[in-house]
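**Q** Just dropping this structure here.
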Amino acid sequence: MTSPDQTLLDSVTAARLFKALGDPIRVELVGLVRRTEGQEACFCDLADQFDMPQSSLSHHLKILVNAGVLGRERRGTWSWYRIDNAAIDALAAVLAPGGPLRDTSACCD
């Protein structure tokens with residue numbers, strides 16, 4: 001059984017991740033990175049996929065990195081982004097049956 005403290009932690013973590021993914025551009029960015037070989041993509045490749053200023057794209061990526069959805073590594077001139085599977089696993093746990101978003105009304109009739 002999950003303790004109330006663990007449920008709160010899961011809920012806080014989930015809210016942070018959902019907030020980071022609350023924009024269609026950021027969801028698309030995560031999908032693009034996830035579909036690349038090794039689940040890692042260079043900023044230069046991501047920038048080619050969007051018709052927006054690089055500063056706007058950088059802002060979206062920064063939000064994803066700060067939330068822990070993506071990791072970032074500088075290599076020379078470019079930043080490389082990779083999926084943080086722990087964040088994806090945390091979202092899956094929150095959404096899974098028995099997680100903090102479960103429907104409890106059906107069990108108490």
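The values are calculated or read from the model by the stated rules, or taken from the named source; none is laboratory data. Computed from a predicted model, the values in this text were never measured in an experiment. Because the Cβ atoms are built from the backbone with ideal geometry, glycine has one as well, and the counts that use them run over all protein chains shown. Ligands, DNA and RNA are excluded from the accessible area calculation, which covers all protein heavy atoms including side chains. Shrake-Rupley method; radii C 1.70, N 1.55, O 1.52, S 1.80 Å.
**Q** Return the total of residues in the range 59-68 being surrounded by 15 or more Cβ atoms within 10 Å (Cβ to Cβ) and in a helix (DSSP H, G or I).
**A** The total comes to 6.
**Q** I've got another one for you. Pairs only if they're at least six apart or on different chains, beta carbon under 9 angstrom, first in the range 60-82 and touching a residue at least 60 places away in the same chain (Cβ under 8 Å) and among the acidic types (Asp, Glu), second part of a loop (DSSP other than H, G, I, E, B) and open to solvent by 50 Å² or more (accessible area, probe 1.4 Å); list them, first residue then second.
**A** From the range 60-82, no pairs qualify.
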